[in-house]
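Working notes for the structure below.
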Amino acid sequence: MAKKSKKSVGTPATAALTAAGVPFTTHSYAHDPAAPSYGEEAAEALGVAPDQVFKTLLADVDGTLTVAVVPVSGSLDLKALAASVGGKRATMADPAAAERSTGYVLGGISPLGQRKRLRTVVDASAEGRPTVCVSAGRRGLEVELSPADLVVLTGAHLAPIARG
């Protein structure tokens, strides 16, 4: 069962949200290291639809690390991501490079409060939703906020980058 909290839980992501004065809710749950999908585990633990929980993925687009935020119910379309940032080719980023650049561990990478601000694209399906959930910076901790606030705080743009 997930626990809700309005308080900051002490990750760089929640610190960034607090500093920006953005309303958000944290949700914590007992993470199972054997879970096959961190995102689907989060959706189930929070009792929300998988298309409301978004995963944060890092890709290398023409040599530049790029953050993609897509629903856990789908997958990242690398060609669409590359096109959305004016690139030619995208591949998934090296996991060590993703961790080093963001300051987070895999399965807990948040699009918020990253060590180095990276170019970010949020899937267009987030638009129009009252809220979305993204990692709050560690496994077993999600943050719920408006998609508009997510876009503003990450400097992202919206584009159709997910495959259903």
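Structural remarks
- Placing +1 on the Cβ of every Lys and Arg and -1 on the Cβ of every Asp and Glu, with no other charges, gives the chain a dipole of roughly 440 debye about its Cα centre.
- GNM top mover of VAL143, VAL72, VAL151 - the chain, alpha-carbon springs below 10 Å: VAL151
- Dipole of the chain computed with +1 at Lys/Arg Cβ and -1 at Asp/Glu Cβ about the Cα centre; of ALA90, PRO12, LEU57, farthest Cα towards the positive end is PRO12.
- Pairwise Lys count, the chain - Cα closer than 28 Å, eight or more residues apart or different chains: 12
- Fluctuation leader among ALA19, ALA68, ALA97 - the chain, Gaussian network, Cα springs under 10 angstrom: ALA19
- Potential extension, ARG129-HIS157 segment - 0.36 nm per residue separation minus Cα distance: 8.5 nm
- When both bridge partners sit in the chain, DSSP labels roughly 75% of those beta bridges antiparallel.
- Cleavage-rule hits, GluC sites (Glu not before Pro), segment 39-77, DSSP coil, Cβ neighbours within 10 Å at most 14: none
Rule-based calculations on the coordinates, nothing more; no lab input. Here the structure is a predicted model, which is why all the values come from computation and not from measurement. Glycine also receives a Cβ, built like all others from the backbone with ideal geometry; neighbour counts cover every protein chain displayed.
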